[in-house]
Every structure is written in structure tokens, then in C-alpha cells.
1. Tally the residues that are of a type in the set (D, E, K, R) and without any contact (Cβ under 8 Å) to a residue 60 or more places away in the chain, restricting the search to the range 11-64.
2. Show the residue pairs that are 6+ apart or on different chains and have beta-carbon atoms under 7 Å apart, the first residue being within the range 65-92 and closer than 22 Å to L282 by Cα and not assigned by TED's automatic domain parsing to the domain that holds A4, the second being of a type outside the set (K, R) and surrounded by 15 or more Cβ atoms within 10 Å (Cβ to Cβ).
3. How about the range 106-136: which of its residues are farther than 16 Å from G57 by Cβ and exposed (fewer than 14 other Cβ atoms within 10 Å of the Cβ)?
4. Kindly indicate whether I302 is buried (at least 19 other Cβ atoms within 10 Å of the Cβ), part of a helix (DSSP H, G or I), modelled with pLDDT of 95 or more and not assigned by TED's automatic domain parsing to the domain that holds R157.
5. Would you please name the residue that is farthest from A166 (Cα to Cα), looking only at residues in the range 219-238 that are free of Cβ contacts under 8 Å to residues at least 60 places away in the same chain and surrounded by 12 or more Cβ atoms within 10 Å (Cβ to Cβ)?
6. Looking only at the range 144-171, which residues are touching a helix residue (DSSP H, G or I) at 6+ places or on another chain (Cβ under 6 Å), part of a loop (DSSP other than H, G, I, E, B) and not hydrophobic (A, V, I, L, M, F, W, C)?
7. Say whether the condition of being in contact with a strand residue (DSSP E or B) (Cβ under 6 Å, 6 or more places away or on another chain), modelled with pLDDT under 85, part of a loop (DSSP other than H, G, I, E, B) and assigned by TED's automatic domain parsing to the domain that holds L5 is met by at least one residue in the range 358-372.
8. Please give the number of the condition N191 fails out of (1) closer than 27 Å to I325 by Cβ; (2) surrounded by fewer than 22 Cβ atoms within 10 Å (Cβ to Cβ).
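The values are calculated or read from the model by the stated rules, or taken from the named source; none is laboratory data. Everything quoted here is computed from the prediction, not taken from an experiment. Cβ: placed from backbone, ideal geometry, glycine included. Neighbour counts: every protein chain shown.
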Amino acid sequence: MISALRLYNFKAFADQTIEMRPLTLLSGLNGMGKSSVLQSLLLLRQSYQERLLETTGLVLNGDLTELGTGADIFFDGVKDSNELGFDITLDDDRTAYWRFDYNRQSNVLSLSDAQDSTTNGIYQIPLFTDNFHYLQAERVGPRVFSEMSDYLVRQHRQIGPRGEYALHFLAIFGQETVDSELLCHPSMNFNPNDPPRLRVAVEAWMREISPGTRINVEMIEDLDLVRATYAFERVGQTATRNYRPTNVGFGISYTLPVLVALLSSNRKPDTDGEPNPGRLVLLENPEAHLHPKGQFQIGNLIACAASSGTQIVLETHSDHILNGIRVAVREGNLNPDSVALHFFQRPKEDSQGASVAVTPLKIDSDGRIDDWPPNFFDEYSKSLRKLM
């Protein structure tokens, strides 16, 4: 598990170390650098997958992230250095670093130095393996048909950065078990001898978003497409007819990949007997298109997933997501020491060229946060004071 990430001359950061825990929450106003933290991890993974990270340099534009050119990612507040770098520290104190030389004339970044990370197993951590999910803020909305990818889904267990393969994943792995009681919805009776199936667990949590939801998934293999329809159960009534995704709104389609990513991350040991290495899940704005209750429940599920062996790095603007996490801590479902809260803000206007400031905040066992700096999820209280 990653315990610290250092960014050196990367985008808005001159030299910044981000402490990471099983659950790391990034918050702040727009344009403060939160997404850059996720992009740094995606950039390392993307460059490794293209087999260039160890020998050549960075792949700035690919399937996971598109960052432009060297000038777009090199910190513009520095004048006396051409070096850009990343450091990763693991919870067992293993470290790795990568340094890149930025040629301002050719606008190219090339590898200049790196720790011999192959020998210490850095490339076996979830960031570089199939034990990884990333969901960007702009996910796939309602579609009558969704894409299939046997290569990414069957062989690498990926759901795609836009969640475009989430339905295919659910169709293939929907009968796998969810072995953590914390990940089971409270309405489900957890039996360790017969744990619930992934598809059933996804439906149960989806009902927090849209009550009574039933998900039907059909693969049309001749066309390499997956079709989903949704029915709704009503109290004392039979289920409705099946509806197309385009007729049930954005919330269900946007939330489905989030649920699949979180609930499928708790896996049994691999068939070769090796222990489960855990998973890394990067989430951007999981609250998109959700009502407040749904956002709260997603926050609760994120906390439970972090307590079940998945490392989660979360960017959010939702106080309901935060409160779901806080309540999970208070109820004992997540250790407060497993949570890292970071608040991002620009320096004062007279600090031209200064790096973005990152303020770590602490949460206690009652779910209370030690400090509430201005603009840290405080808009509700500001509005309430004006109304009163």
C-alpha cells in the first residue's frame, strides 16, 4: 500500500509530499491541483504499461490521462531547474523514485535517473498491476448498448476509466462472491459459508440510489455489445417492466461503475495460493448525478471498502460523501488512522510562482475533524447563517 507520494516540479507543485492511507480524500476549490495528484499516479501507470517508464520517459497522452506536452506539466514557478520527479513510499518503507529531465527547447521529458525499483518489487504493487481501478469524473452516461472487451475485462479485470466496461465486467464476474461483511448492504444477511454474489451486492447498494432497482444484463456476443435494462420493485407489487438505461436517468448509469469497482475489489487469494495483494481504486467525483442520500451511502461504502483491504484515493466536492465517511468512522467501520484528509488551496496572490498549499486534516474516532479551514465543506453553514 502506498503511504506517501512526492511530486517534484509537477504541474502546480514545486515539491510536495502527500501522505496516503487506506482512504485518502482530496478536497478544495476547483483548479487547486487535486486532479494532478491522481494524474501523477495515472501517468506512472500509463508509462509503465507502454514499457517506457523504466528506460525512456513518460507517456503524457494515453488511455488513462492526456496531459499535453512537457510544458503543460512542468511547474512554471521554477527557473533554475529542469528536473521533474515522482517518489513513492510504501507502508513497509520500500521506496522508488523517477527523475526526468525537461528540455525546454524541444519540450521533451526524458528519464534521467531512477531507483532500481525492479529489485524491490515496486512494479508488483496494485498501481502497476491488474489490481487497479480508475474512474474519471466524466463517466459513460445512459446508453442502450455498452462496449465489451474480452481482453481488458476477462484477462485484466478492468472496467475502463469511464466505466465503459462495467456492465461487461458484471456479466462475466457477477457470480463472484463478496467476502467482506462490511461491503454487504445492511439489508443483506451475510453468511461467511455462502457469501453474497457481486451482482446481488451491486443491486442492493443501487437501491440506495434508486429504490427497488433490479439490474438485467445481457451479452450480445455476436456484436461485442452488452445490453442492460432496469426494473423497479414496489412494496406489495410485482416488479415493473424493464426500462432502457436512457429512460431511468443519469444517476444509475454513473453510479454502477463506482459500485462495481468498490465491491469487486475484495477478492479471494489467487488460484496459485498467493495472498491477495489488495487493490488500488482512484475515484473522481463519485457523487456526480446523485441525490444527497445516495452520496452519503456512497461515502459509507467507500469507507467500508477501505476497511476491507482496498486503498482508495478519492477526489470529491461533496460534504455528503465526507459525512458518510465520518459516520462510518464513528460507527467503528473504519479506523480514523486509516483516513488521510487533504485540503488544497492556492497561495496568497503576492506569492507569485509559489506552489499550491496542501493542508492535512485529522479525523478522530467520533468522526470529528480537527480543523475546518475556509472553503473546506463550509458552504452549508455559510448559507445557513445568511438565512438565519
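1. The first filter runs over the range 11-64 and keeps only residues of a type in the set (D, E, K, R), leaving 11, 15, 19, 21, 34, 45, 50-51, 54, 63.
This time we only want the ones that are without any contact (Cβ under 8 Å) to a residue 60 or more places away in the chain, so: 50-51.
So the count comes out to 2.
2. none
3. Those that are farther than 16 Å from G57 by Cβ and exposed (fewer than 14 other Cβ atoms within 10 Å of the Cβ): D116, T118, T119, G121, Q124, D130.
4. Working: buried (at least 19 other Cβ atoms within 10 Å of the Cβ): yes; part of a helix (DSSP H, G or I): yes; modelled with pLDDT of 95 or more: yes; not assigned by TED's automatic domain parsing to the domain that holds R157: yes.
In short, yes.
5. Out of the qualifying residues, it is E233.
6. Matches in the range 144-171: Q158, G163, Y165.
7. no
8. Unmet condition: (1).
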